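Reading through the structure tokens given below for one structure.
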Amino acid sequence: MMKIVSIITGDIINSRDSEPKEWLPVLKKEFNKYGGEPKSWEIFRGDSFQLEVNKTKGLRAALLIKAAIKQNSDIDVRMAIGIGTKSHNADKITEANGTAFINSGHCFEHLKRNTLAVETGHDAIDYPLNIMIDLAALTTDNWTPTAAETLKAALEHPNYNQKELAKLLEKTQSNISAGLKRYGYDEIIKLLNYYEQQTQTL
């Protein structure tokens, strides 16, 4: 039985306006959480990349990548999540293939103004999810560095209470509380839960 995976294809927006040293180590650190280079991830053409993650965790991974990158206010990231089979397990992710790679590439080519989308090959799943992701983008595309830092910490430490997050980020609990509410943290968690429920069926 072929493995079902998520393949994230992406690139850095405005990469030419900033030094690679400002974002490349951040990107590599984030990718290393999912496996080693080049089997699980690769960066190519300077600012493009592919990453393999668990089939239900594509959106969570994408939001964590976005939050990591947007802590530098000058840049953003554009990503397409493709879910499907991985039929050829190559030593380099860019040489592997399967419907996950096809869906991810097709989705990326059709992003246009969007910075994030998903393609599973099932319209009944893709259509509502992409509407929700587009709505979320009204917030996520406008994350400030402070918002990105706060949300990344909250997503990475889901069991932390606000007091523990405040200690981690060296902020006051009231700042964390107000920030999470202002940045739509509860709504993001609802979206992630729905996304994971839907993609679990694939």
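Observations, loosely collected:
- Prolate/oblate/rounded call for the stretch 81-126, Cα gyration tensor, a/c under 1.5 rounded: oblate
- Among 175-182, 149-156, sorting by the average number of other beta carbon atoms lying within 10 angstrom of each residue, highest first, gives 149-156, 175-182.
- Fully extending the segment from His88 to Leu24 would add 20.2 nm, taking 0.36 nm per residue of separation and subtracting the current Cα-Cα distance.
- Helical segments meeting 20 Å axial Cα length and Kyte-Doolittle 0.0 threshold in the chain (DSSP H): 123-140
- Here the stretch 1-117 carries DSSP beta bridges of which approximately 90% are antiparallel, counting only pairs with both residues inside.
- Charge dipole (Cα centre; +1 on Lys/Arg Cβ, -1 on Asp/Glu Cβ; no other charges) of the chain amounts to roughly 420 debye.
- For the chain, the carbon plus sulfur part of the accessible surface works out to 50%, probe radius 1.4 Å.
- Residue-normalised accessible area of the stretch 67-202, expressed per residue, 1.4 Å probe, Å²: 54
- Stretch gain in nm, segment Asn193-Lys39, where the contour uses 0.36 nm per residue and the Cα spacing is subtracted: 52.6 nm
- For the stretch 109-151, the calculated P(r), taken from all Cα-Cα distances in 10 Å bins from zero up to the bin holding the longest distance, is 26, 45, 24, 5 percent.
- Counted charge near Glu19, where neighbours are those whose Cβ lies closer than 14 Å (Asp, Glu -1; Lys, Arg +1): -2
- Taking the three principal axes of the alpha carbon atoms in the stretch 1-147, the coordinate ranges are 43, 34, 23 Å, sorted in descending order.
- Projecting the Cα atoms of His88, Leu64, Val118 onto the dipole axis of the stretch 53-135, where Lys and Arg carry +1 and Asp and Glu carry -1 at the beta carbon, places Leu64 farthest toward the positive end.
- Over the stretch 1-90, Cα pairs under 8 Å with separation of 6+ residues give a relative contact order of 53 percent.
The values are calculated or read from the model by the stated rules, or taken from the named source; none is laboratory data. All values reported here derive from a predicted model rather than from experimental measurement. Ideal geometry is used to build each Cβ from the backbone, glycine not excepted, and the neighbour counts take in all protein chains shown. Surface accessibility is based on the protein's heavy atoms, side chains included, excluding ligands, DNA and RNA. Shrake-Rupley method; radii C 1.70, N 1.55, O 1.52, S 1.80 Å.
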